[in-house]
Amino acid sequence: MIGRGAPNGKEMRLLIAGNWKMNGLGASLAEIKALNEALAANPVNCDVLICPPASLIARLANVANRDVAVGGQDCHPKPAGAFTGDISAEMLKDAGANWVIVGHSERRQYHTESDMLIADKTKAGWRGGLKVIVCVGEVEAERLAGKAEDIVGDQLSFLPDGASSANMVIAYEPVWAIGTGRVPTIPDIAAMHGFIRDILVKRYGPDGGKMLILYGGSVKPDNAREIFGVKDVGGALVGGASLKAADFLAIIAATPGTS
Ligand code: PGA
């Protein structure tokens, strides 16, 4: 779905991705039904993705109509084996997912995931037939020390060969903005997205100019429009505000060309 032209002044159709994290039971499928109905009634000018906990992927894939894609929140580098509690890219695909998030800061922090491991997970996602959202971002002390670009540049240096605008999306998520209600200034978002764009073009050539770069961290209905107006912002990775269809739909409605 990524790559369709869009009459919004941006080269790529935006992607609005919801990350439910460790939230959601069967009853939460009602939010997907609400999303289905609203998107069927009001066609939108962006792609929509929900990444529920693994326990809900198959059920959500059954309920979601074709306007709502489904993704996992993590995958193991291997396709199968003795790795208790883990899930492979092939299993996510088998359950109905077409996407996977890797390298989320909560995985980096609570599961001490390294950039090398995240690169292996990225390749695993592709092997399993999934499009991969790779998350990067600095912690607050790094930003205050003026090192945000160094940190993000370093994280991006681990991206594997084989990435393309058809199989990879970057999500820039400053860790201090996740779940806090705090967001960087618009010039800071623009500067970081421009920095990431330069790296992608240097590394992958013209196709790097087409890779989506999502912003993530406290995206809400009231700040989404301004963020989506920033050059090189290709959509959003949304945590808390993706749990309720009404909030998520308000963010979707803020994409350029959708009303
Ligand atoms: P938030 O989370 O929207 O709740 O800040 C974003 C994320 O972690 O992807």
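Some observations on this one:
- Distance between region 70-138 and region 16-48 - C-alpha centres, whole angstrom: 22 Å
- Anisotropy class of the chain from Cα gyration tensor, a/c 1.5 cut: rounded
- The residues 192, 116, when put in order of fewest to most other Cβ atoms within 10 Å, stand as 116, 192.
- GNM result for the chain, Cα springs below 10 Å: residue of 245, 82, 191 fluctuating most strongly: 82
- Most fluctuating residue given options 172, 110, 204, as computed from a GNM of the chain linking Cα atoms under 10 Å: 110
- Structure-based [θ]222 nm, the chain - -39500 (n - 2.57) summed over DSSP H runs of at least 4, per residue, nearest 500: -10500 deg cm²/dmol
- Net +/- balance of residues flanking residue 249 in space, Cβ distance below 12 Å, scoring K and R +1, D and E -1: -3
- The 3J(HN,Hα) values that the Karplus relation (6.51, -1.76, 1.60; θ = phi - 60°) gives for region 191-207 are, in residue order, 5, 5, 5, x, 4, 5, 4, 4, 5, 5, 5, 4, 7, 10, x, x, 5 Hz. Gly and Pro appear as x.
- Cross-linked pairs 210/231; 33/121; 131/220; 21/93; 93/131; 123/147: Cα-Cα separations exceed 20 Å for 33/121; 131/220; 123/147.
- Among 188, 120, 74, the order by Cβ neighbours within 10 angstrom, fewest to most, reads 188, 120, 74.
- Listed by Cβ neighbour count within 10 Å, with the fewest neighbours leading, 118, 186 appear as 186, 118.
Each value in this text was obtained by applying a stated rule to the coordinates, not by laboratory testing. Model, not experiment: these values are computed from the prediction. Don't worry about glycine lacking a Cβ; one is built from the backbone with ideal geometry, like all the others, and counts go over all protein chains shown.
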